[in-house]
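Written out below as structure tokens is the structure these notes cover.
The values are calculated or read from the model by the stated rules, or taken from the named source; none is laboratory data. Keep in mind that what you see is a predicted model, and the values were worked out from it rather than measured. Cβ placement follows ideal geometry from the backbone for every residue including glycine, while neighbour counts extend to all protein chains displayed. Just so you know, the surface numbers come from the protein's heavy atoms only, side chains and all, with ligands and any DNA or RNA stripped out. Shrake-Rupley method; radii C 1.70, N 1.55, O 1.52, S 1.80 Å.
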Amino acid sequence: MSNVKKITGMRLFLPIFCMVLVMAVNILYDVASGNFALNFFTISIRNGVLYGRLIDILNRGSEIAILAIGMTLVVSASAGTDISVGSVMSLAASFCCMLLAGYGVSSTTDLAMPLIAGVLGGILLACVCGAFNGFLVAYLNVQPMVATLILYSAARAIGLLLCNNLIVYVREDSFKTIGGYLGFIPTPIVIAAVCVVIVAVILKKTALGLYIQSVGINKRASRIAGLNSSRIIFLCYVVCGLGAGIAGVVAASRISSADSNNIGLNYELDAILSVALGGNSLGGGKFNLAGSIIGAYTIQAITTTLYALGVSSDVAPVYKAIIVIIIVTIQAPPFKAYMKKRSAKKALAKGGAAA
Amino acid sequence: MDNNVVLTMRGITMTFPGVKALDGVDFTLRKGEIHALMGENGAGKSTLIKCLTGINAFEAGEIHVDGINGPVVNHSTLDAQKKGISTVYQEVNLCPNLSVAENLFIGREPKTKLGTIDWKAMVKRSEQIMKDLDMNIDVTQNLEEYSLALQQMIAIARAVDMDCKVLILDEPTSSLDDHEVEKLFKLMNQLKDKGVGIIFVTHFLEQVYAVCDRITVLRNGQLVGEYPIADLPRVKLVAAMMGKDFDDLAAIKSEESPTFTDADLLIDAKGLSHKGTIKPFDLQIHKGEVVGLTGLLGSGRSELARVIYGADKNQTGTLKVKGTEAKIGAPIDAMNLGMGLLPDDRKAEGIIGDLSVRENIILALQAKRGIFKLLPMKEQIELADKYIEMLQIKTASRETLIKQLSGGNQQKVILARWLATDPDFLILDEPTRGIDVGTKTEIQKLVLKLAKEGKGLIFISSEIEEMLRTCTKMAVLRDGQKVGEITESLTQETVMKAIAGGGANE
Ligand SMILES: Nc1ncnc2c1ncn2[C@@H]1O[C@H](COP(=O)(O)OP(=O)(O)OP(=O)(O)O)[C@@H](O)[C@H]1O
Ligand SMILES: [Mg+2]
């Protein structure tokens, strides 16, 4: 009994629990449809690259994972969410493709400038977007939701303008590699892993994590204790923009084009959901990066599973919504208090019986 | 139940992870009595109160309230409220971004015939309530516009305005000055005459003897005893709380007054000010000097200190630190010049509630070192353990969240945070707020020790007595202006006179 409590009380319990649940559903599905029971976990090599449902989830989940990093920091420091990340992804993709193809060109097979310049350009513009959000939130004290609403609605349109209202195709191999394969491993997996490792190392080796949490918990007290609260909040938004930029470039490379209206569509929701699923309070303060990352892949697993189960992409959001409701309820204080009271009552009843 | 008794608690037991906060505590409150609940920091006073009002769920024991059959278990403050138990908690827990009027009537708003909130009536009644307490403030302003002391008065006004049989005041006077305290005592006596039973928690012993009829003492979560006030003189009370004899009034300061030369000048402020809070002032502080800032509430004591530290931005004049002119844009600049500020509002500006005791202690030192020089965990642990030991911080472990500590122990953690930065110049704004008698003396001694080591200090306290014990010089403030300094013959009398507005080098 007390062991069960210990496990359920753990910070990573929620995301891991959800992940296990998704796996269980997959196994049940495979068994029911007469496939090999562990189909989900099977990894093979086909056409010289890794293949399998698990690999697919890791691959497809890369963008959400990268977004989840920045979103975790933003939520922690400012007790608000950045709802512009999906649109900023699209903007970064558009700008990157525009740079690579040249303004006004709708399709190209060679690059108008070095790949690295185009990619960095896209990412840099996303950082500027992050800085804009950060400035509004940190220095002008605008509510995060309102501040990021501006780019949420504007970024996609700006991207379209940059591309002269075209869907720009960049059909060039080196660009395709970003969303394709590095040897036999899908490149996005590598990119996401690198991002996660870099941020994790920074958090481990510097006081950034302490600063962000401190500011998120009590901004005024943090300032008195010598922290530059506004600058830290600003920085988190820039990092979030950076992540959106990287994710945008990856997404564009996957389809060799900058489809302004579809790249990153609804990704902000997945990113926010990852943070919540990771056991982080959306009220700011303490955060848990590992949780968010697991959360991100769990969401991708849910999406992939739904598709595997034959749910159409139009209805999938309904299932996700149900999952959100459950998660939010589990985390809600009244529910927690209720569970605590129940277990206390049980303990009391037990104690009473023993006496 | 004795028909004179309004509340009995029997065998109340409650455990937090790692701490037995209450162990079979009994408490009895009679009609029309003011009952002091005393004990050291972390003795379990607030916990006992929270068990009564339903914030904490107790594991064993029974509560009986006059007029209600059978044992009572409250589930929330509102629940307790309905049973006639009105509470002012230790930490002001009103809504800073609501108006004073809204705060006074939250949860019991006057309604119009249509069932909507009757704003006009609310404002009018709020104004009346404030007037009855001699407080002329704009009740439509947000609560956060007002000082902590005023907020505390508003919290009290709210509790008192509700019809109750039991009124609980958990350290209501911690940020009030003598004048407000007097008003509060008058109010308490009126309620007492009406037959209300009042539970009064405080660390100011004089206040206990000024109003209380009976004392219950707790120690380490256990009941020491219940005494009529006459049976428990001050020394005995202190001994009961601490479990040993202790003279909290013994002189600690050496008699001769030290002299300072210009070479020792640490802080030299000329014409500093912040619009709306403090008018231009001059102040000099030397190495080894403890300067007290005194004045009525709202006189600008805290505000003066905040300008020096850069918590509020200075707008005029110049500040020299150790002889060189200093530009301070934010607290971190002041910290890099060797300053520290222990703010008076612990909850809003002191604790980082969801961080551990260790993290709270090292925070300022870490900020000073910079983001890239993370203190090694080993060093953090050593620092935390050192101050937990030195200041006798009562905590289940160094990794306990600071918000789970008792009020006085939270205060000690914030003090530790500043000691850890080893400042040359430390501003202590109400450093002993909510701290028990024994530790209070320890902190006063610590202040003198720091001064002896050559540090300069500003000491702000609502208790003149306490400043007299530590300060070498006092600056007097009135209406946001420094009106004088007292350097010689520091006595209760001269200081009181200066505060009220007569004499003192004006
Ligand atoms: N929420 C909590 N979680 C864990 N422990 C707690 C919590 N609240 C209080 N405690 C512990 O319970 C004990 C009693 O605390 P309590 O707040 O009742 O003390 P107190 O007598 O009011 O002290 P003070 O004079 O400092 O206000 C302390 O050891 C404290 O650390
Ligand atoms: Mg208390």
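Observations, loosely collected:
- Virtual spin-label span in nm between A:A117 and A:F36, 7 Å along Cα→Cβ: 4.9
- Per residue, region B:350-422 exposes 39 Å² of accessible surface when a 1.4 Å probe is rolled over the protein heavy atoms with every protein chain present.
- Whole-number percent relative contact order across region B:88-237, with pairs defined as alpha carbons under 8 Å at least 6 apart: 21
- A simple packing score, the average count of other Cβ atoms within 10 Å per residue, orders the peptides A:119-126, B:407-414, B:263-270 as B:407-414, A:119-126, B:263-270, with the highest score first.
- Where only DSSP H runs of four or more residues are counted, the protein assembly as shown gives -15000 deg cm²/dmol as its mean residue ellipticity at 222 nm, each run worth -39500 (n - 2.57).
- Potential lengthening between B:V5 and B:K373 on full extension [0.36 nm per residue; Cα-Cα distance subtracted]: 126.4 nm
- Environment charge at B:C95 (Cβ cut-off 15 Å; Lys +1, Arg +1, Asp -1, Glu -1): -2
- Environment charge at A:M71 (Cβ cut-off 9 Å; Lys +1, Arg +1, Asp -1, Glu -1): -2
- Mean separation of Cα contacts under 8 Å (6+ apart) over length of region A:159-268, as relative contact order %: 42
- Crossing angle, helix B:437-452 versus chain B [Cα axis fit, 0-90 degrees, rounded to tens]: 10
- If the segment from B:W119 to B:E389 were pulled out straight at 0.36 nm per residue, it would be longer than the present Cα-Cα gap by 91.9 nm.
- Spacing of the modelled spin labels on B:E59 and A:D110, each 7 Å from Cα toward Cβ, amounts to 7.9 nm.
- Mean per-residue shielding of peptide B:376-387 is 0, counting Cβ atoms of other chains within 10 Å of each Cβ.
- Contact order normalised by residue count of chain B, Cα under 8 Å, 6+ apart, percent: 16
- Mean partner shielding of peptide B:347-355, defined as the number of other chain Cβ atoms within 10 Å of each residue Cβ, is 6.
- With R₀ set to 22 Å, the beta-carbon distance separating A:V128 from A:N164 gives a calculated FRET efficiency near 0.60.
- On Cα atoms only, tilt of B:407-420 relative to the major axis of chain B in degrees: 20
- FRET efficiency for the A:N261 to B:N136 pair, using the beta carbon distance and R₀ = 60 Å, is estimated at 0.50.
- Projected label distance in nm at B:A239 and B:T112, using a 7 Å step from Cα toward the beta-carbon: 6.5
- Counting 0.36 nm for each residue step from B:F185 to B:E465 and taking away their Cα separation leaves a gain of 98.8 nm.
- Chain A: angle of helix A:289-308 to the longest principal axis, Cα-based, in degrees nearest 10: 80
- Shown are B:R469, B:R478, whose ranking by accessible area with a 1.4 Å probe and every protein chain present, most to least, is B:R478, B:R469.
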